[in-house]
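Encoded as structure tokens, the structure appears first; notes follow it.
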Amino acid sequence: MTPQAASPFAVLGLQPQADLTDDEVHAAWRRVAAASHPDREDGGDPQRFAQAAAAYTTLRTRSGRGEALADLHAAPARATASRRRHVQAHTGGRRLWARVRDGRPARLALRIAAAAAASTAAVAAAGPHPAAPALVTGVVTWLALTARHDLAPRDRR
């Protein structure tokens, strides 16, 4: 979610609370989906429906709600710090380091360690076989696709 995007709680019309139940989130999703579904006779509101679907995907589990609450509470401080660093940082390396530092660096380090271990095991198992580079490429692709969740969102102006 971009910093300017509404919180998933706001999209579904819910108060950001830790004690929300799965049933409350599901009921809110059904209300918004019924009002905005593109298959409605009036055409609905596809953009609002897509936002609601993404919000429901985030909030449908207790752990998802916990992460969304943590992101919501961390957003003001992170946004101010990110803007200040954005003005100071002129090179791509500094911006990348800021995204790592403001994100979830421990989880990112764990992913990198897992990717290194998986690559090493794949090369050791495949040996000098032509499949070894393909296995390593697969691991690096996994890392690239999953590690972005551990980086802080980019500043968008």
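The values are calculated or read from the model by the stated rules, or taken from the named source; none is laboratory data. Everything quoted here is computed from the prediction, not taken from an experiment. A quick note on method: Cβ atoms are made from the backbone with ideal geometry, for glycine too, and the neighbour counts reach across all protein chains shown.
Quick check: anything in segment 50-68 touching a residue at least 60 places away in the same chain (Cβ under 8 Å) and within 20 Å of residue 104 (Cα to Cα)? Yes, some residue in segment 50-68 is touching a residue at least 60 places away in the same chain (Cβ under 8 Å) and within 20 Å of residue 104 (Cα to Cα).
If you go through segment 89-115 and pick out every residue that is surrounded by 12 or more Cβ atoms within 10 Å (Cβ to Cβ) and modelled with pLDDT of 80 or more, you end up with 9. In the list 79, 75, 54, which residue meets the criterion of being closer than 23 Å to residue 24 by Cβ and modelled with pLDDT under 70? When all the criteria are applied, what remains is 75.
Yes/no matrix, rows are residues, columns are (1) buried (at least 16 other Cβ atoms within 10 Å of the Cβ); (2) assigned to a helix (DSSP H, G or I); (3) modelled with pLDDT under 90:
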site: 1; (1), (2), (3): yes, no, yes
site: 26; (1), (2), (3): no, yes, no
site: 43; (1), (2), (3): no, no, yes
site: 49; (1), (2), (3): yes, yes, no
